[in-house]
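Below is one structure, written out as structure tokens; comments come after it.
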Amino acid sequence: MKINENVIEELISQARQDAPCETCGYLLGTSTAEGDVVTENYPMENIDHSPEHFAFAPKDQFAALRYARSRGLKILANWHSHPASPSRPSQEDLRLALDPTIRYAILSLHEGIHLNSFSILNGEVVNKEVHL
């Protein structure tokens with residue numbers, strides 16, 4: 001999955017603004033024969049307002065889906081930040097990663113800025129991509 005540079009900058013800005021709480025959203029884009037390309041961040045509120053976990057409001061998830069469909073885009077990944085821990089899925093992240101058709105991206109602000117995305121199947125990471 002390729003993430004456009006302007007989208008990465010938006011993720012970093014959002015994560016810094018919402019720190020020390022985790023922030024979250026969807027990564028939207030297109031799928032081609034060459035692979036998935038993320039062209040937009042769809043920011044969402046972390047309704048848990050927690051530095052250690054996040055949750056989307058169902059109404060925001062439906063709004064994101066409507067927005068993506070209206071623009072011919074797909075939800076390629078969900079993403080969240082780890083303000084004080086590395087860019088790897090926590091046990092809770094693995095437990096809650098229920099959709100094997102999308103990637104799960106984590107932007108860490110811990111010891112530098114790191115952005116990785118993961119394919120997760122049955123609670124296990126099956127693929128990792130480094131984006132930053």
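With (1) in contact (Cβ under 8 Å) with a residue 40 or more places away in the chain; (2) over 21 Å from Lys128 (Cα atoms) as the list, and Ile75 as the residue in question, which single condition is left unmet? With respect to (1) in contact (Cβ under 8 Å) with a residue 40 or more places away in the chain; (2) over 21 Å from Lys128 (Cα atoms), Ile75 is out only on (2).
Listed conditions (1) free of Cβ contacts under 8 Å to residues at least 40 places away in the same chain; (2) under 22 Å from Pro20 (Cα atoms); (3) out of contact with any Phe, Trp or Tyr (no Cβ under 9 Å at 6 or more places or on another chain); (4) open to solvent by less than 50 Å² (accessible area, probe 1.4 Å) are all met by Tyr104, apart from (3).
Residues in the range 38-86 that are assigned to a strand (DSSP E or B) and surrounded by fewer than 16 Cβ atoms within 10 Å (Cβ to Cβ): 0 in all. Quick check, is Ser13 open to solvent by less than 60 Å² (accessible area, probe 1.4 Å) and either small (Gly, Ala, Ser) or under 25 Å from Asn127 (Cβ atoms) (or both)? So Ser13 does not fit the description; no. Within the range 110-119, being farther than 16 Å from His53 by Cβ and either more than 13 Å from the chain's Cα centre (by Cα) or hydrophobic (A, V, I, L, M, F, W, C) (or both) holds for Glu111, Gly112, Ile113, Leu115, Phe118.
The values are calculated or read from the model by the stated rules, or taken from the named source; none is laboratory data. Everything numeric in this text was worked out from a predicted model, so none of it was measured. Heads up, the Cβs are rebuilt from the backbone with ideal geometry, glycines too, and the neighbour counts pull from every protein chain shown. Note: areas computed on protein heavy atoms with side chains; ligands, DNA, RNA excluded. Shrake-Rupley method; radii C 1.70, N 1.55, O 1.52, S 1.80 Å.
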